[in-house]
Amino acid sequence: MQNTLAIIKPDGVQRSLIGGVITRLEKNHLSIIAMKMVYMTKTQAEGFYAVHRQRPFFESLTNFMSSGPCVVMVLEGENVIARYRELMGATNYEEAAEGTIRREFATDIEKNVVHGSDAPETAAFEIGYFFNRFEIVS
Ligand code: UDP
Ligand code: MG
């Protein structure tokens, strides 16, 4: 069993895509074991995306992520990190496979609706960034 952090980003919340994303998670048997809304400050968004601090898109990305509320979730399942990343699709929605969340809903390489952890170590950091153990059911 594996856990991963999923986020419906501010564009997804603002565009009323919470239900559409969660429906896809449930249809694909990705179990939600924690969920809440957060409205990150710029500093909190910078901490979450600290691995990207040197990247040219960091400033814009952290402004975007602190521009409105997000839905943050913990997903659980076998091989869930890779399974959820496959369901999300490529970072650039134009390169995302048909049927993926980003292909269906995203409008922009930055405003790409969803986030997912990319490895067990990043999943542990990202889950701990938002949730304590009493907020996660298992
Ligand atoms: N991003 C961007 N421009 C880029 C690459 C990434 O604006 O050229 C944004 C986009 O919102 C992406 C996030 O930065 O989801 C984190 O980038 P990463 O490479 O980790 O992509 P992801 O893991 O989200 O697919
Ligand atoms: Mg990433």
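Some observations on this one:
- Test: Leu25 is over 21 Å from Asn132 (Cβ atoms) and touching a Phe, Trp or Tyr at 6+ places or on another chain (Cβ under 7 Å): no
- Residue in segment 129-137 that is surrounded by fewer than 22 Cβ atoms within 10 Å (Cβ to Cβ) and more than 23 Å from Gly47 (Cα to Cα) present: yes
- Selection status of Ile18, under 17 Å from Glu126 (Cβ atoms) and in contact (Cβ under 8 Å) with a residue 40 or more places away in the chain: no
- Glu86 free of Cβ contacts under 8 Å to residues at least 12 places away in the same chain and open to solvent by 70 Å² or more (accessible area, probe 1.4 Å): no
- Residue list for segment 70-83, restricted to those being within 25 Å of Thr107 (Cβ to Cβ) and open to solvent by less than 10 Å² (accessible area, probe 1.4 Å): Cys70, Val71, Val72, Met73, Leu75
- Unmet requirement for Glu26, which otherwise passes all of (1) crowded, with 17+ Cβ neighbours inside 10 Å; (2) part of a helix (DSSP H, G or I); (3) of a type outside the set (S, T, N, Q); (4) more than 14 Å from ligand 1 (Cβ to nearest atom): (1)
The values are calculated or read from the model by the stated rules, or taken from the named source; none is laboratory data. Everything quoted here is computed from the prediction, not taken from an experiment. Cβ coordinates were reconstructed from backbone atoms using ideal geometry, including for glycine residues, and neighbour counts include every protein chain displayed. Heavy atoms of the whole protein, side chains included, go into the accessibility calculation; ligands, DNA and RNA do not. Shrake-Rupley method; radii C 1.70, N 1.55, O 1.52, S 1.80 Å.
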